[in-house]
1. Yes or no: GLU327 in a helix (DSSP H, G or I), over 23 Å from the mean Cα position of the chain (by Cα) and not polar (S, T, N, Q)?
2. Residue under question is THR358, and the condition is that it be within 24 Å of the chain's Cα centre (by Cα) and crowded, with 21+ Cβ neighbours inside 10 Å; does it hold?
3. Identify the single condition in (1) assigned to a loop (DSSP other than H, G, I, E, B); (2) within 25 Å of ARG290 (Cβ to Cβ) that SER376 does not satisfy, given that it satisfies every other one.
4. Restricting the first residue to the stretch 395-407 and requiring it to be within 15 Å of ARG162 (Cβ to Cβ), which pairs with a second residue that is loosely packed, with under 13 Cβ neighbours inside 10 Å meet a Cβ separation below 8 Å and a spacing of at least six or different chains?
5. In the stretch 274-292, what residues are surrounded by fewer than 23 Cβ atoms within 10 Å (Cβ to Cβ) and in a loop (DSSP other than H, G, I, E, B)?
6. Would you confirm whether any residue within the stretch 238-252 is assigned to a helix (DSSP H, G or I) and away from the ligand (no atom under 16 Å from the Cβ)?
7. Could you check, for the stretch 178-198, whether at least one of its residues is more than 17 Å from the chain's Cα centre (by Cα), among the charged types (D, E, K, R), closer than 15 Å to THR35 by Cβ and more than 16 Å from the ligand (Cβ to nearest atom)?
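The values are calculated or read from the model by the stated rules, or taken from the named source; none is laboratory data. Everything numeric in this text was worked out from a predicted model, so none of it was measured. Neighbour counts are summed over all protein chains in view; Cβ atoms, including those assigned to glycine, are modelled from backbone coordinates with ideal geometry.
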Amino acid sequence: MPRPALADMISRYKNQKIEGVTEITVKFITLGCKTNIYESEAMAELFRRSGHEVVSGGGPADVCVINTCTVTGTGAGKSRQAIRRAKRQNPGAVIAVTGCFAQTEPEAVRGIGADIIIGNDGRSRIVELAEAALAGARSDLVDDIMKAREYEELPAAVAQSRVRANLKIEDGCSNFCAYCVIPYARGPVRSRPLGNITAEAETLAGAGYREVVLTGIHIGSYGKDLKSGMSMIDVIEALDNINGIERVRLGSIEPPIITDEFVDRASKLKNLCPHFHMSLQSGCGGTLRRMKRRYTPDEYYRAVGMLRDRIPDVSITTDLMVGFPGETDGEFEESYGFCEKVGFMRMHVFKYSVRKGTEAERLPNHVGERIKEERSRRMIALAERMRADFYKKYDGAVLPILLEKRQNGVYHGTTPNYMDAYVKAAAGLEGKTAEIVFSASGESEIINIGGRS
Ligand code: SF4
């Protein structure tokens, strides 16, 4: 039987169907990473294609989809809160919960209460399940993600801005780093067929996007599940010739992918951005070993050197974790010194947080909050200094940027190596490229509009 609160909605829904007028309204609440943003937009596109309306803002909707995250304890906590808030603020709406928190903690989601629970597989069925839920049929689709073998095709890519779109190329990770819950949430590596990736890039180019960001859970593993011997560099090469796409930017990668062959092929491409987000996590060999990362600091440094030798103006950005179990003061100092030696353009600093069921949960000598806080503060200060040093090298240089978003008469744009630039210019230039005299600390100056970025 439908819940009483749904009765009105169901009759409205049925009447609307019969009259063929407005369909249901759907709202998305998305937590977590770029892949989640991509997938929410893809599900929104499925609703639109079925004639339903996707709404934004704080207003009510008939269906509320919460796409959850569990990468950290904070992500999981925020996901719980988001489900509760959505239920409170949308009384009578169908509540659909999907994503990593739903996949790893379905019991918790069931406890809070949801009409639809989908993990990280089966999202292509979201519209039919939402329509059924409006008629009172609940669904619980969480299955063993470790059995997933096929990439689940969803229909659309997403705009980060009106000029840059995420383009998903794979799902899953088979690395099982000691602290990470993602392999349990996302399952093994499933690579997207190359033809579907290039077709989506063409669609994006046709829609006016100039830059694509290759997104996934572990994009460096692209091809590992395929028998063709393909790898990520084949994808990047295929995207180099899509008419209208001027920039291809990589999501997060790791050092093992930076081989002579990779750098050789990458250095010949005209569209690949000279910006590599290469996840470090720690600059101390002992910590990396306990983390079960698959490289040493020396290997990392060698990879950075290869990129810097062969790719002009390259910038290296990273993720860095402090307070992993057993991280002593000495290990932290080693990590700090290594980061300083590399000289990152940007560094995203995290404090370790326990994820249930991971190997790191069972490791001895967990680090106290106060120490984690202090280490994080020092690393963030270092990150800021390294960023300023990198920017200073380009002060006064003539650089190309892609004009992205205009606010109060000032555009934000990015250089190919992902430095932020701000320029004053007339409205209507989003998506255009411009040559600027770069200012490391203030407003840059446009000297030419048009041309390639
Ligand atoms: S590579 Fe490691 S940190 Fe990254 S998703 Fe896989 S298991 Fe998690």
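1. Numbers: in a helix (DSSP H, G or I): no; over 23 Å from the mean Cα position of the chain (by Cα): yes; not polar (S, T, N, Q): yes.
It is false that GLU327 is in a helix (DSSP H, G or I), over 23 Å from the mean Cα position of the chain (by Cα) and not polar (S, T, N, Q).
2. Working: within 24 Å of the chain's Cα centre (by Cα): yes; crowded, with 21+ Cβ neighbours inside 10 Å: no.
Answer is no for this residue.
3. Unmet for SER376, out of (1) assigned to a loop (DSSP other than H, G, I, E, B); (2) within 25 Å of ARG290 (Cβ to Cβ): (1).
4. Hits for this filter: ARG406/ALA427.
5. PRO274, SER279, LYS292 - these are the residues of the stretch 274-292 that are surrounded by fewer than 23 Cβ atoms within 10 Å (Cβ to Cβ) and in a loop (DSSP other than H, G, I, E, B).
6. So in the stretch 238-252, the residues assigned to a helix (DSSP H, G or I) come out as 238-239.
Now narrow it down to the ones that are away from the ligand (no atom under 16 Å from the Cβ): 238-239.
Yes - at least one qualifying residue is present in the stretch 238-252.
7. Initially, the stretch 178-198 is screened for residues more than 17 Å from the chain's Cα centre (by Cα), giving 178-179, 184, 188, 193-196, 198.
Filter once more, so that each one left must be among the charged types (D, E, K, R): none.
No, the stretch 178-198 has no match at all.
Results for (1) touching a Pro at 6+ places or on another chain (Cβ under 9 Å); (2) outside any loop (DSSP other than H, G, I, E, B); (3) not small (Gly, Ala, Ser), shown as yes or no for each residue.
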position: GLU152; (1), (2), (3): no, no, yes
position: PRO155; (1), (2), (3): no, no, yes
position: ASN166; (1), (2), (3): no, yes, yes
position: SER174; (1), (2), (3): yes, no, no
position: ALA178; (1), (2), (3): yes, no, no
position: ALA185; (1), (2), (3): no, yes, no
